[in-house]
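The values are calculated or read from the model by the stated rules, or taken from the named source; none is laboratory data. Note that the structure is a prediction, hence the values are computed from the model and not measured. Here the Cβ positions follow ideal geometry from the backbone for every residue, glycine too, while neighbour counts run over all protein chains shown.
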Amino acid sequence: MPRGKRYSAGQIKMLKENFIQSLTVSLGVITMACRNTGVRYEYYKKWRAEDEDFDYACERIQEESIDFVESRLYKLIQEGDRTAIIFFLKCRRPEKWNDRAGQQVNINIMGTEFQIGNGELSIPNLLQNNNNVEDIEYTNEN
């Protein structure tokens, strides 16, 4: 929609309908729908805030597009696609299937036990000051 141009209520209604159709075709991608219809993003946001029916239609389309993509993912899983299976497991059970499994490292420095885990990357300053390497025990527990 060009700046400064006034549209009648009927024209705006038609623009909204065209936008909804474009949003459906673009699987809920707002930028593509804006580009295809010439509707500026600011108008899209304004219409969503002010028009409950338009807002509901946009929300419904975005939910349907997610459902569509999920159904494709489930189909790939049923076909045995390993990448799809791993993706699904990482999303549904991140505590078990994430790339950084919870790793606990125990360090014993001269009788003092230190536990490092949950993504911590630093070792206590005591380790830096200890020159007696024989006194350091390292165990890695998964």
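A compact table of results
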read-out	value
Subset of the stretch 34-45 (residues that are assigned to a helix (DSSP H, G or I) and surrounded by 12 or more Cβ atoms within 10 Å (Cβ to Cβ))	C34, R35, N36, T37, Y41, Y43, Y44
Candidates I20, I30, filtered to the one that is of a type in the set (A, V, I, L, M), surrounded by 13 or more Cβ atoms within 10 Å (Cβ to Cβ), at pLDDT 95 or above and under 18 Å from the mean Cα position of the chain (by Cα)	I30
Filter result for Y56 (part of a helix (DSSP H, G or I), in contact (Cβ under 8 Å) with a residue 24 or more places away in the chain and among the aromatic types (F, W, Y))	no
Residue check for I85: assigned by TED's automatic domain parsing to the domain that holds M14, in contact with a Gly (Cβ under 7 Å, 6 or more places away or on another chain) and in a helix (DSSP H, G or I)	no
Any hit, the stretch 60-71, residues being farther than 30 Å from W97 by Cβ and free of Cβ contacts under 8 Å to residues at least 40 places away in the same chain	yes
